[in-house]
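Shown next, in structure tokens, is the structure this report addresses.
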Amino acid sequence: MTLRIHFTADDLARTTVAAGPDMMWELVSSLHRLQAPRAAARYGPWLRHARARLGARNVNAAVRLLTVLVPRRGSFPDFLTPSCPGGDFGESLELVHATPAGRLRRELAGVFRRRKASHWVRRLAGGDRSCRQELQSALTVYYREVVRPYRSQFGGTVLTERALCGRRLVDGGVDRLLRTLSPSVSWTAPVLSTGYPSDRDLHLRGRGLTLIPSFFCSDTPVSLIDPELPPVLLYPVTDPAQPVVVPDALAALLGHTRALAIRALLHPRSTSELALDLGVSAGTASRHATALRDAGLVTSARHGSTMLHVATELGRALARSH
């Protein structure tokens with residue numbers, strides 16, 4: 001069975017790649033990995049961490065509640081993965097909590113059409129405020145205890161994929177980007193096709209498509225159920241980024257964190273993306289970027305509300321010479 005996404009010329013012009021990992025999509029996809037009988041080796045360290053955390057009563061309770069909505073197989077409601085520029089967890093959580101009652105009821109009815117809804121799901125669909133609060137609390141606990149500790153690892157993987165997408169786009173346009181997106185995706189203009197649980201046609205109708213590379217998405221891409229929502233395609237990153245190795249000589253010269261930063265900035269990064277790479281706060285990342293810029297190793301430019309940094313020729317030469 002196949003998902004076929006139909007593009008027009010306007011859609012090709014409006015196709016974009018998410019700015020970074022979308023935390024709610026990663027959270028939902030991680031629940032699938034947690035329930036899978038077998039998982040790829042790259043998930044091993046995270047699975048060991050996650051299963052160890054299940055010993056905590058609040059984490060176990062959160063997982064039991066969330067897997068009611070996100071089973072090992074089958075659909076989950078679209079409202080769990082709202083459209084949120086930047087993919088920030090806190091903002092996404094607010095959007096989930098603010099889901100209109102009619103949409104929440106409609107989507108739950110759709111995904112539970114073929115499986116029995118629990119008493120809690122029926123209460124949630126009926127607008128019970130305490131159920132909404134329980135869902136918000138479960139998402140918060142699971143993210144804080146199970147997903148966030150690995151954010152820097154999978155975030156770096158996603159950001160590397162985004163940089164590669166940018167290179168493909170510059171070298172060969174949208175056509176090359178779509179042709180090389182993933183082994184599980186095929187592009188024969190004007191249709192992008194991928195394996196899917198059911199046969200489905202998604203007509204973009206000039207709205208464009210947001211491509212969301214994902215660490216926890218595995219095997220086949222995922223899209224939203226409702227064709228009227230902003231179109232997205234979550235697809236698996238097939239080649240996880242390896243940890244950046246900082247040579248001792250470069251670390252001795254710049255310090256380990258700034259040596260790591262100059263290596264990361266061989267590709268353009270925003271301050272928040274650099275912070276994710278380094279595993280530090282945005283303020284700390286900004287200070288490192290400023291120090292490197294003052295030394296002539298990095299150049300920075302403002303793009304709207306975002307500050308972008310990239311290594312200068314001197315910085316690139318220094319990073320590569322070591």
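The values are calculated or read from the model by the stated rules, or taken from the named source; none is laboratory data. This structure is a prediction, so every number in the text was calculated from the model and none was measured. These area figures cover heavy atoms from the full protein model, side chains too; ligands, DNA and RNA do not enter into them. Shrake-Rupley method; radii C 1.70, N 1.55, O 1.52, S 1.80 Å.
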Original post:
For the chain, what is the accessible area per residue in Å², given a 1.4 Å probe and the full set of protein chains?
Top reply: 49 Å²
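Report D for the stretch 1-43 in µm² per second (integer): Stokes-Einstein, Kirkwood Rh on Cα pairs, 4 °C, 1.567 mPa s.
95 µm²/s
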**OP:** Compute the convex hull volume of the Cα atoms of the stretch 1-136, divide it by the residue count, and report the result per residue in Å³ as a whole number.
**Re:** 164 Å³
**OP:** Find the eigenvalues of the gyration tensor of the Cα atoms of the chain, then list the square roots of 5 times those eigenvalues as equivalent ellipsoid semi-axes, largest first, in whole angstrom.
**Re:** 35, 25, 18
**OP:** Please label the shape of the stretch 20-60 as rounded, prolate or oblate, based on the square roots a ≥ b ≥ c of the eigenvalues of the alpha-carbon gyration tensor (a/c under 1.5 means rounded; beyond that, a/b larger than b/c means prolate, else oblate).
**Re:** oblate
**OP:** Can you tell me the 0 to 90 degree angle between the C-alpha axis of helix 23-35 and the longest principal axis of the chain, rounded to 10?
**Re:** 70 degrees
Subject >> the stretch 127-177 versus the stretch 36-53: alpha-carbon centroid distance in Å >> reply: 17 Å
Original post:
In vacuo Debye scattering of the stretch 123-174, one point per C-alpha: log10 I(q)/I(0) at q = 0.14, 0.15, 0.18 Å⁻¹?
Top reply: -0.62, -0.64, -0.69
**OP:** Enumerate the calculated ³J(HN,Hα) couplings along the stretch 191-203 in order (Karplus 6.51 cos²θ - 1.76 cosθ + 1.60, θ = phi - 60°), each rounded to whole Hz, writing x wherever the residue is Gly or Pro.
**Re:** 10, 9, 10, 8, x, 7, x, 9, 6, 7, 10, 10, 9
Original post:
For the chain, what relative contact order do you get, as a whole percent, if you take Cα pairs closer than 8 Å and at least 6 residues apart?
Top reply: 24 percent
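Would you work out what percent of the accessible area of the stretch 87-234, with all protein chains in place, is carbon or sulfur (probe 1.4 Å)?
Values: 3780 of 7190 Å².
Summing carbon and sulfur atoms, their accessible area is 53 percent of the total for the stretch 87-234.
Would you mind getting the Kirkwood hydrodynamic radius of the stretch 67-173 from its Cα pairs, rounded to one decimal in Å? Walk me through the numbers before you get to the answer.
Working: mean 1/r = 0.0627 Å⁻¹.
Evaluated over the stretch 67-173, this radius sits at 15.9 Å.
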